[in-house]
Amino acid sequence: MTARAARALLPLVLVAGLTGCSAEAPPPPAGPPAAEQRVGLTEWEIVTEARPLSVGAVRLVVTNAGAAPHDLAVRVDGDQRAVTPVLDPGEVHELGFTVAADERVELWCTVTGHHAAGMHTVLDVVTPEAGP
């Protein structure tokens with residue numbers, strides 16, 4: 001793994017113990033909505049920053065932090081929006097798409113057997129609260 005890849009993974013390592021990766025029970029949001037979020041792919045988990053996405057254009061910075069090839073597909077309210085190529089260990093790819101308030105963003109690995117092994121999660125989309 002390169003030093004750049006290791007630096008990119010540091011935020012993921014810090015939140016890995018705090019995030020759930022089950023589509024059935026996403027963790028509560030851990031901060032304000034974000035237009036950009038780092039996503040790590042490992043065996044057999046998708047690790048996010050556990051924050052909701054903000055309304056509008058969003059970007060996911062996807063890193064294969066595992067030892068096996070992985071990819072990441074994105075479906076928003078049942079509509080497939082984006083997918084990375086299959087990433088070798090250490091590779092990084094960015095995905096951009098738009099989302100609206102209260103949409104459900106599903107993330108999963110499409111490599112055969114990886115979804116069944118637990119590589120899937122959900123992100124919510126929220127409108128930032130207005131300040132005072």
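The values are calculated or read from the model by the stated rules, or taken from the named source; none is laboratory data. Computed from a prediction, not measured in an experiment: that's the story for all the values here. Every residue, glycine among them, receives a Cβ derived from its backbone with ideal geometry; neighbour counts consider all protein chains shown.
Values for this structure:
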| quantity | calculated |
| --- | --- |
| Output for region 51-69, where each listed residue is of a type in the set (A, V, I, L, M, F, W, C), crowded, with 19+ Cβ neighbours inside 10 Å and either out of contact with any helix residue (DSSP H, G or I) (no Cβ under 6 Å at 6 or more places or on another chain) or free of Cβ contacts under 8 Å to residues at least 12 places away in the same chain (or both) | L53, V58, L60, V62 |
| Any hit, region 40-50, residues being in contact with a Phe, Trp or Tyr (Cβ under 9 Å, 6 or more places away or on another chain), buried (at least 18 other Cβ atoms within 10 Å of the Cβ) and either at pLDDT 95 or above or not small (G, A, S) (or both) | yes |
| Filter result for A73 (farther than 24 Å from T110 by Cβ, modelled with pLDDT of 90 or more and not charged (D, E, K, R)) | no |
| Sole residue being at pLDDT below 95 and either part of a strand (DSSP E or B) or buried (at least 17 other Cβ atoms within 10 Å of the Cβ) (or both), chosen from L107, L123 | L123 |
| Hits in region 76-104 - residues which are part of a loop (DSSP other than H, G, I, E, B), of a type outside the set (G, A, S) and modelled with pLDDT of 95 or more | T84, P85, V86, D88, P89, E91 |
